[in-house]
Amino acid sequence: MKNTIEENQMNSTDYQAVWAECLEYVKDKIPNHTYETWFQPIKAASMTKDDLFLQVPNKFFYDWIESHYKELMGQAIKSATGDGMTINYSVMLSDIPEEIKSDPSHTALNQTITPRIREKPKTEDSLTGSGFLERGTKININYTFDNFIEGRNNQFAKAAAVAVANSPGQTSFSPLVIYGSTGLGKTHLLQAIGNEAMTLGKTKRIAYVSSDTFTLDFIAAIQKNKSTDFSKYYRSVDMLLMDDIQFFQGKESTQEQFFHIFNDLYQHHSQIVLTTDRPPMKLQGLQDRMLSRFQAGLTVDIQPPDLETRIAILQKKAEHDNLDIPYKVLEYLATNIRSNIRELEGAMIRLLAYSSLLQVDIDISLTQKILREIGTGKPTLSISIEDIQKQVGKVYDINLDLMVGKSRKKEIAEARMTAMYFARELTNLSLKNIGLYFGGRDHSTVVHACKWVESRTNKDEQYKRFIYNIRQKIETKA
Ligand code: ADP
Ligand code: MG
């Protein structure tokens, strides 16, 4: 079997040349902008007699190309090889999000995994989960420190991550726990640690795994009588990067297993880095002894980025992907999507998609259209100022009349400023309108309030956590 694959496989210059010719063909047929957006990022992976294997950055690309350029692709192949060929797409491997991998409706993608993986000998008793047998394939080389934009919101987390990558297990930061809401760069930072440590040659064996994959693997290992192998594997690494440990909540026996592995690694000075979507002490259903182990290391948070950082992230992304998007548009996007970078990037991709589909320029009016679309049904954008006033009022124990009234008592004034700050952060209301909701105050009062909260969060770690907790309450309407 293996031989046939090798015989069929052409050498790399062949398929690179074929793909280059396809690109030439395509380039002449479509606008330059479309070409750069959808075709330039595609990589040829390999070729056999009848198949060409291409890699695309994400599933969205694949859908887009299949639905818009299938015919063009066919023509391109024909022109390059004089013959028809089947095109097989795969998502650049480490980029496939878990939810897509496990979603049966994406079978097309699941079947066309890269030949590299296809050749891997399949043993009868391989584990089912996406588990420790696939080690080494999980770190995404695109997540580096280099393209992680630093802002006030993540500076400390990044500094700790860099320190750990430079001296794994040698700092007092083990475990390093990184927490923050979804889409703020935890996974990026975690993987950047892995990439950097590998590049520097600081570690021999790294395991990157999310806690739910770990759980699935553990269950599969028990079923297959392989739990010793399972634990041996994790105990043999010198760096364990565990993503999203909130999924351990309530899973007693997996936690037990993790606890033993954790202790073992800890004693051997292996570096452990964990991420979670909330502060560790807020992880319910996690055993106390585990929590107290976390306290032995360092816990750092990532907050939502401010406007400048959001713009910088978009600029970096645009630059990295060779996209030509006017600054005004990036600024507009960054102003309107505030609390989640994943959504921010998603909006940018959607913008590109629309512009190439409709053959129109990327400008503010197209951006507004996109934002209106994304806005529908998204909980982050549906927070009302009343929600904010109510939640902040609860925390400070004051009612709405006091909140919007004239009192200058310290507690009340502070509650008011905090609510104004969140109104600015979490709604799309103008400063003027926010002022109106607070008893007809002036817009400069709102600006002052925001500055006050921001400067205090920068100085006072405890206050910062306090603000973080309020934000979570508002966002979840708890
Ligand atoms: P989380 O794991 O916290 O949910 P991710 O690490 O998956 O978030 O980040 C979501 C997206 O935002 C990723 O594409 C990531 O590269 C990007 N991102 C987040 N923070 C930054 C940053 N500071 N600089 C550049 N890109 C970022
Ligand atoms: Mg993540």
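Using a 10 Å cut-off on Cβ atoms, rank the peptides 304-315, 325-336 from the highest mean neighbour count down.
304-315, 325-336
Label point 7 Å out from residue 477 along Cα-to-Cβ: which residues of segment 388-407 have amide N under 12 Å? Under 12 Å, as judged by backbone N against the label point of residue 477, lie 388 of segment 388-407.
Sorted largest first by accessible area at a 1.4 angstrom probe radius, with every protein chain in place, the residues 89, 143 fall in the order 143, 89.
Farthest towards the positive end of the charge dipole of segment 192-247, among the residues 219, 201, 240, is the Cα of 201, using unit charges on the Cβ of Lys, Arg, Asp and Glu.
Modelled label positions at residue 144 and residue 229, each set 7 Å beyond Cα in the direction of Cβ, lie 3.5 nm from each other.
For segment 241-317 versus segment 166-195, the spacing of their alpha-carbon centroids is 8 Å. Measuring r between the beta carbons of residue 409 and residue 433 and using R0 = 22 Å, the FRET efficiency lands at 0.30. In segment 385-477, a dipole from Cβ-located charges (positive for Lys and Arg, negative for Asp and Glu) runs towards its positive end, and of 400, 449, 426 it is 449 whose Cα lies farthest in that direction.
The label-point distance for residue 43 and residue 162, in a model that sets each label 7 Å from Cα toward Cβ, rounds to 2.6 nm. Model label sites at residue 335 and residue 361, defined 7 Å from Cα along the beta-carbon direction, differ in position by 1.8 nm.
Calculate the length of the line joining the C-alpha centroid of segment 389-422 to that of segment 25-51, in whole Å. After rounding, the separation between the Cα centres reads 57 Å. Judged by the mean number of other Cβ atoms found within 10 Å, the most tightly packed of the peptides 278-289, 385-396, 232-243 leads the ranking 232-243, 385-396, 278-289.
The values are calculated or read from the model by the stated rules, or taken from the named source; none is laboratory data. Keep in mind that what you see is a predicted model, and the values were worked out from it rather than measured. All Cβ positions, glycine included, derive from the backbone under ideal geometry; neighbour counts span all protein chains shown. Just the protein is used for accessible areas: all its heavy atoms, side chains included, with ligands, DNA and RNA removed. Shrake-Rupley method; radii C 1.70, N 1.55, O 1.52, S 1.80 Å.
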